[in-house]
Amino acid sequence: METLGVAIFEAVVMVAVLVLLTRLAGLRSFSKMSGFDFAITVAMGSVLASVVVSGSTGIWPGISALLALFAVQWAIARVRVASGSMREALDNAPLLIMDGERMLEDNMQAAQVSRSDLLAKLREANVTRLDQVQAVVFEQTGDVSVLHRQDGELDEVLLEGVRREV
């Protein structure tokens, strides 16, 4: 019973520390901006779980690990903003997978997006006809953005940094 009490106490403390660090670091701490952000988020969850579930990992090493992960994420985020070459090295570039009504098969294959995956995303975006699609982008986060055809041209700034071919 004592072990259960310790686990509950450690869980409460670790979650409180995680929330506090997230508040201090800002919303980006759990964003899906890049693969690096995803890896850090998974590592934070792993640290939390190892402290709570494992009797051998103490609360102070867990807090230290969370602080280190937040510090690394903060430093990498600063470097990404300051350096285009670091941003390119750390981030996947978004990829155009549909141009108007035309599915770009080579790009879809490179992004490992099947035709059925793409059609599901189009349905999710309330596309009822292919002629409603201006562009579909496979984002660096793995999300799929559907840009609907409107009256007028697509503002090219929206496709800034998007690779058009693999």
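Suppose all protein chains stay in the model; what accessible area per residue would a 1.4 Å probe give for the chain, in Å²? Could you put the intermediate results ahead of the total?
On the way: 10550 Å² over 166 residues.
Result: 64 Å² per residue.
With an a/c value of 1.5 or above and a/b not larger than b/c for the gyration tensor axes a ≥ b ≥ c computed over the alpha-carbon atoms, segment 47-105 is described as oblate. Taking the centroid of alpha carbons for each part, segment 58-74 and segment 76-142 are 33 Å apart. Put a dot 7 Å past the Cα of E160, heading toward its Cβ, do the same for E101, and the two dots end up 3.2 nm apart.
When the accessible area of the chain is split by element with a 1.4 Å probe, what percent falls to carbon and sulfur? Mind showing how you got there, number by number?
Details: 6310 of 10550 Å².
For the chain, the apolar C and S fraction of the accessible surface comes to 60 percent.
In the list (1) 153; (2) 120; (3) 161, the label attached to volume of the Cα convex hull per residue in Å³ as derived from the coordinates here is (3).
As an exercise, use a Förster radius of 22 Å and the Cβ-Cβ distance of A93 and A39 to find the FRET efficiency, rounded to the nearest 0.05.
Values: r = 18 Å, r/R0 = 0.82.
So, using R0 = 22 Å, E works out to roughly 0.75.
Scanning the chain for long hydrophobic helices, with DSSP H runs required to stretch 24 angstrom or more by C-alpha along their axis and to average at least 1.0 on the Kyte-Doolittle scale, returns 2-25, 35-53, 59-82. Each DSSP beta bridge with both residues in the chain is either parallel or antiparallel, and the antiparallel ones are about 90%. Each of F9 and D151 was given a label point 7 Å from its Cα along the Cα-to-Cβ line. The distance between the two points is 6.8 nm.
The values are calculated or read from the model by the stated rules, or taken from the named source; none is laboratory data. Bear in mind that the values here come from a model prediction, so they are computed numbers and not experimental data. As a convention, Cβ positions derive from the backbone with ideal geometry for all residues, glycine included, and neighbour counts pool all protein chains shown. The area values use the complete protein model at the heavy-atom level, side chains included, leaving out ligands, DNA and RNA. Shrake-Rupley method; radii C 1.70, N 1.55, O 1.52, S 1.80 Å.
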